[in-house]
1. Mind grabbing the base-10 log of I(q)/I(0) for the stretch 9-124 at q = 0.20 Å⁻¹? Debye formula, identical points on the C-alpha positions, no solvent, two decimal places.
2. Around A33, what is the net charge, scoring Lys/Arg as +1 and Asp/Glu as -1 over all other residues with Cβ under 12 Å from its Cβ?
3. Give me the distance in nm between label points sitting 7 Å out from Cα along the Cα-to-Cβ direction at E69 and E23, one decimal.
4. Rounded to the nearest 0.05, what FRET efficiency do R58 and W83 have when you use their Cβ-Cβ distance and R0 = 41 Å?
5. Under 19 Å from a point 7 Å along the Cα-to-Cβ line of R11: which residues of the stretch 50-76 have their amide N that close?
Amino acid sequence: MRTDGEEPRTRFFTVDDESGRTEELASLLETFANGLDIARRVTALTDAISRAGLTAVRAESIGAHVWPERDLRLSRWWAPGTWPRNFLRAYERRILDYYVVTAERPRQRDSRTARQRPTAGLGRVA
């Protein structure tokens with residue numbers, strides 16, 4: 001986590017958990033078909049981060065800035081309809097998207113207040 005308490009991550013995730021999403025991705029993308037990639041919805045990550053105690057958890061879609069450019073680069077080596085080019089198709093079909101997920105470390109209480117907290121059987125901690 002950065003010193004300012006924020007932890008950004010970027011990754012692709014499914015946009016929802018509608019029935020059949022895993023199969024759709026497997027039919028488009030070899031890495032989902034062979035188990036290298038696993039369909040996870042973005043809210044599974046944001047919910048887990050929140051449960052871990054981080055705050056201000058956000059997921060922002062940046063797919064419009066990622067997938068077309070990525071597909072353009074891949075077009076130099078891969079033909080349309082091949083699995084590497086199908087990431088853009090999955091994005092256009094609203095199955096997969098690319099996100100920036102951020103969270104913040106909870107603000108710590110004043111250290112003087114924390115030190116005065118009573119501890120069971122020990123009185124006050126100095």
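No lab work stands behind these numbers, since they all come straight from the coordinates. Quick caveat, the model's predicted, so the values are computed rather than measured. When we count neighbours, we look across all protein chains shown, and the Cβ atoms used for this are built from the backbone with ideal geometry, even at glycine.
1. -1.09
2. Numbers: positive: none; negative: E23, E24, E30, D37.
Local net charge: -4.
3. 3.6
4. Working from the Cβ atoms, E equals 0.85.
5. 50-64, 66-67
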